[in-house]
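A.B. asks: Once you've had a glance at the structure underneath, I'll fire off some questions.
The values are calculated or read from the model by the stated rules, or taken from the named source; none is laboratory data. Treat the numbers as computed from the prediction; the structure is a model and nothing was measured. We place every Cβ from the backbone using ideal geometry, glycine too, and count neighbours over all the protein chains shown. Side chains are part of the model used for accessible areas, which takes the heavy atoms of the whole protein and leaves out ligands, DNA and RNA. Shrake-Rupley method; radii C 1.70, N 1.55, O 1.52, S 1.80 Å.
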Amino acid sequence: MKYLFSFLIVFAFLISSASAQIEWLTSKSVESNISFDMPEKPFVQRKELNGITVEVFSYKDAVTVFGVVASNFSGVGLDFTHSDPTEYYKEMKEGSLVRGSTVLISENSVAFKRMLGKEIVYTQMVGKHEYTYFKRFFFRGKFIYQIAIGGPSRMKQLLIDKKNLFFSSIDFTE
């Protein structure tokens, strides 16, 4: 009986995970040359700061936060095809880790669809709970893309499953 109950719980989880994959919606930005899937339609903000236009896509469900930030540097004449993005990456990484309770867990280079990017994993206290965040940075043409997902550390496997779905759905549409 114990094994049957365990099997039913695992089966219910797999069914809910599979249905979550099917229901995700694709969002596409012609302005930022990117498309991605999220569980629902994201909230979109557009800003301009010092000649840099920024498009922010965000979504939060009961346990997970998703974000895509596309910063267009064409207004300031910067093209990462012909520039070393190291200093920009360092500044963006430090900006991600600025909160006092933030701890950097890992930092790696990631290959994605014939591109090289960076990924950081960090934890942060949100109230009394620890959250884990996965954030990737890509420097492509005149854009810097920051793609992030986070959720409670105590639900890490669910977060990793969503991260894999989310990150694998990214497509640069240029």
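A.B. asks: Could you look at the stretch 25-86 and say what percent of its accessible area is carbon and sulfur, using a 1.4 Å probe and all protein chains?
C.D. replies: Whole-percent figure for carbon plus sulfur exposure: 53.
A.B. asks: Moving on. Where the accessible area of the stretch 88-174 is counted over protein heavy atoms with a 1.4 Å probe, how much of it, in %, is carbon and sulfur?
C.D. replies: Answer for the stretch 88-174 is 51 percent, counting heavy atoms of protein chains only.
A.B. asks: I'd like to check one number: the per residue accessible area of the chain, probe 1.4 Å, reported in Å² as a whole number. Please list the in-between numbers first.
C.D. replies: Values: 10370 Å² over 174 residues.
Per-residue value: 60 Å².
A.B. asks: Just the number, please: Stokes-Einstein D of the stretch 74-174 in µm²/s, Kirkwood Rh from C-alpha pairs, 4 °C, 1.567 mPa s.
C.D. replies: On the way: Rh = 14.7 Å.
Rounded, D is 88 µm²/s.
A.B. asks: Here's another thing I want to ask about it. Cα-Cα over 21 Å: which of K41/K113; K93/K142; K90/K128; K60/K113; K90/K163? Mind showing how you got there, number by number?
C.D. replies: On the way: K41/K113 24 Å; K93/K142 19 Å; K90/K128 29 Å; K60/K113 26 Å; K90/K163 23 Å.
Pairs exceeding the cut-off: K41/K113; K90/K128; K60/K113; K90/K163.
A.B. asks: Sticking with this structure for a sec: Explain nothing, just the number: relative contact order of the stretch 111-174, from Cα pairs under 8 Å at least 6 residues apart, as a whole percent.
C.D. replies: 23
A.B. asks: So, R0 is 22 Å and r is the distance between the beta-carbons of S29 and M115; what FRET efficiency does that work out to, to 0.05?
C.D. replies: Calculated transfer efficiency: 0.80.
A.B. asks: Largest first and to the nearest Å, give the Cα extent of the chain along each principal axis.
C.D. replies: 67, 35, 29 Å, listed from the longest principal axis down.
A.B. asks: For labels at I105 and V126 in the simple 7 Å Cα→Cβ model, what's the distance in nm?
C.D. replies: About 1.4 nm, to one decimal.
A.B. asks: I've got another one for you. Report, by chain and number, residues whose modeled amide H sits under 5 Å from the one on F112, excluding near sequence neighbours (fewer than 5 apart, same chain).
C.D. replies: For F112, whose amide H was placed from the backbone, the distant partners under 5 Å are G117.
A.B. asks: Hey, can you list the DSSP H helices of the chain whose Cα span along the axis is 30 Å or longer and whose average Kyte-Doolittle score is at least 0.0?
C.D. replies: TM-like helix candidates: 2-23.
A.B. asks: D161: accessible area at probe 1.4 Å, nearest 10 Å²?
C.D. replies: Surface accessible to solvent at D161 totals approximately 60 Å².
A.B. asks: Report the relative contact order of the chain, percent, no decimals, based on alpha-carbon pairs under 8 angstrom and at least 6 residues apart.
C.D. replies: Once normalised by length, the contact order is 21 percent.
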